[in-house]
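As structure tokens, the structure follows; a few thoughts come after it.
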Amino acid sequence: MNLNKPVLKTSAEIGRLKRPARAVARVLFELRERVVPGLRLSDIADFCEARLRVHGVEPAQQGYRGFPGTVSVSIGAIAAHGVPDASQLQAGDVLTVDVVAEHEGWYADAAWSYVVEPANAADRNLVTAAWECSLAGVRAARAGGWVNDIGRAVQQRADELGCRVLERLCGHGIGRDIHEDPLIRFSGEMDIGVPLVPGMVLTIEPVVTFGSGKIELMEDGFGYVTCDGFPTAQFEHMIVVGADTTHLISTPGFPLPELAVPWLDTAG
């Protein structure tokens with residue numbers, strides 16, 4: 001990536017991006033009622049793949065940088081890029097499903113964390129913390145600001161909640177490619193002096209934990225796992241930066257009252 005060369009989108013291009021973004025949102029929302037003990041991770045992947053096609057888009061994660069799954073399914077201490085297999089969900093598991101879709105050469109990317117009921121308070125608190133940290137980042141993504149502002153806002157909210165943001169996992173631009181400039185760091189050194197300007201399409205996707213926040217690459221070469229075994233949670237939102245309004249286009253279940261601020265449009 002050339003960190004100083006974000007790829008800006010025209011209004012027509014943003015319109016094309018909304019098709020896969022909304023499809024991903026629908027699939028993540030539809031999955032919610034299926035997350036129960038005994039469900040296999042491979043069944044989750046099959047469900048998402050089938051539902052994406054029902055909504056008129058194609059799953060786009062398989063084969064990207066060699067990834068073998070149609071979606072990423074991360075459970076417990078697996079922080080990102082989990083490969084779906086025959087493992088079954090158990091009560092209390094924290095599950096993150098990351099879905100990438102493509103339509104006519106335009107890409108969407110979003111993730112959602114779920115708690116497998118019955119769950120304890122610690123599991124619910126983790127998912128809530130991930131939700132609040134992601135929204136802090138969304139609120140900070142305003143035209144006239146800087147990419148750094150997003151990471152600082154996420155880190156500040158994480159500090160308030162007593163959780164840690166995983167430093168090695170970042171957000172990014174998205175459009176004709178799954179990963180475009182700029183890179184968005186959510187923790188650690190946030191020195192990317194890139195202005196936030198209208199036409200940017202970004203993913204806001206911090207991964208949080210109540211553990212140390214240190215991760216390592218798994219033996220399969222794709223997944224990342226926490227070194228201390230603490231579970232993680234993540235919400236990934238696709239946003240469009242406008243002149244006066246930030247549009248959130250890939251999150252299921254919106255609009256929500258807590259996002260009713262003047263410059264944020266959840267219907268866009």
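The values are calculated or read from the model by the stated rules, or taken from the named source; none is laboratory data. Only a predicted model underlies this, so the values are computations on that prediction, with no experimental measurement involved. When we count neighbours, we look across all protein chains shown, and the Cβ atoms used for this are built from the backbone with ideal geometry, even at glycine.
Residue pairs whose Cβ atoms lie under 7 Å apart, sitting 6 or more positions apart in sequence or on different chains, and linking a residue in region 47-76 that is touching a residue at least 12 places away in the same chain (Cβ under 8 Å) to a partner that is assigned to a strand (DSSP E or B) and of a type in the set (S, T, N, Q), are 61/72; 74/96.
Being over 29 Å from residue 228 (Cβ atoms), loosely packed, with under 14 Cβ neighbours inside 10 Å, without any contact (Cβ under 8 Å) to a residue 24 or more places away in the chain and basic (Lys, Arg): is that true of residue 34 here? Against the criterion (over 29 Å from residue 228 (Cβ atoms), loosely packed, with under 14 Cβ neighbours inside 10 Å, without any contact (Cβ under 8 Å) to a residue 24 or more places away in the chain and basic (Lys, Arg)), residue 34 qualifies.
I'd like the full set of residues that are under 22 Å from residue 95 (Cα atoms) and modelled with pLDDT under 95, limited to region 139-156. None; the set is empty. Set side by side, the residues 60, 25, 12 differ, and just one is surrounded by 13 or more Cβ atoms within 10 Å (Cβ to Cβ) and at pLDDT 95 or above, which is 60.
Would you confirm whether or not region 163-186 contains a residue that is under 19 Å from residue 34 (Cβ atoms), out of contact with any Gly (no Cβ under 8 Å at 6 or more places or on another chain) and among the aliphatic types (A, V, I, L, M)? No, region 163-186 has no match at all. If we keep just the residues of region 66-78 that are within 18 Å of the chain's Cα centre (by Cα) and under 20 Å from residue 174 (Cβ atoms), which is surrounded by the most Cβ atoms within 10 Å (Cβ to Cβ)? Applying the filter and picking the extreme gives 71. Listed here are the strands (runs of 3 or more DSSP E) enclosed by region 197-268 that have at least 2 residues being of a type in the set (A, V, I, L, M, F, W, C), buried (at least 20 other Cβ atoms within 10 Å of the Cβ) and modelled with pLDDT of 95 or more: 201-204, 207-209. Within the option set 174, 204, being touching a His at 6+ places or on another chain (Cβ under 6 Å) and touching a residue at least 24 places away in the same chain (Cβ under 8 Å) holds for one residue only, 204. Among the numbered conditions (1) under 29 Å from residue 219 (Cα atoms); (2) modelled with pLDDT under 95; (3) surrounded by 14 or more Cβ atoms within 10 Å (Cβ to Cβ), the only one that residue 94 does not meet is (2). Among the residues making up region 94-113, those that are out of contact with any Ser or Thr (no Cβ under 8 Å at 6 or more places or on another chain) and among the aromatic types (Phe, Trp, Tyr) are 106, 107.
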